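Worksheet: the structure to be examined is printed underneath.
What follows draws every value from the coordinates through simple rules; no lab data is involved. Here the structure is a predicted model, which means the values were calculated and not measured. Here the Cβ is made from the backbone with ideal geometry for all residues, glycine too, and neighbour counts use every protein chain on show.
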Amino acid sequence: MLFFRNSGPETHQHLSPEQRQQLVTRWNAWFEGLVAEGKAVEGQPLELETRIVSGAGGARIVDGPFPETKEAIGGYVKLLVSGLEEATAIAQRHPGLAYGLIIEVRQMTPDCHLGVNTKPSGAKEVIVR
């Protein structure tokens, strides 16, 4: 799983409209190439607006964005790859890195360390390639 940080509009304000369009074209080509190779199954940007829920019973609710939004997750891509090394190599090819994008590479675990169910009871994971 790739998580994109530092991907908000302020990161790209210094780019001309033509440079922004070139970046978008290269970003789309990067993603579409991964999909065509069967390496990416989904990707989605996230809204800047956020809400934090904490405390017993979710008693504390705070609406954002927050000053540290620059470090917030701005989107993700779910990969189907052999492991962390392959995912890292894919992240290293992202065209947004040259403009301040930060990519966090994480492996998904099949089980929660607390024992919480991560899939509906009786569900089986099916990956179609």
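Observations
- Bins of 10 Å from zero: percent of alpha-carbon pairs in the range 41-112: 15, 37, 32, 15, 1
- Modelled spin labels at Asn28 and Val41, positioned 7 Å past Cα toward Cβ, are 2.6 nm from each other.
- Two-decimal ratio, the chain, of alpha-carbon radius of gyration to 2.2 N^0.38 Å: 1.24
- Sorting Met1, Met108 by the number of Cβ atoms found within 10 Å of their own Cβ, with the fewest placed first, yields Met108, Met1.
- Shape class for the range 16-76: oblate, because the ratio a/c of the largest to smallest gyration tensor axis (alpha-carbon atoms, square roots of eigenvalues) is 1.5 or more and b/c is at least a/b.
- Sum of -39500 (n - 2.57) over DSSP H runs of 4+, divided by residues of the chain (222 nm, nearest 500): -7500 deg cm²/dmol
- Net +/- balance of residues flanking Arg106 in space, Cβ distance below 13 Å, scoring K and R +1, D and E -1: +1
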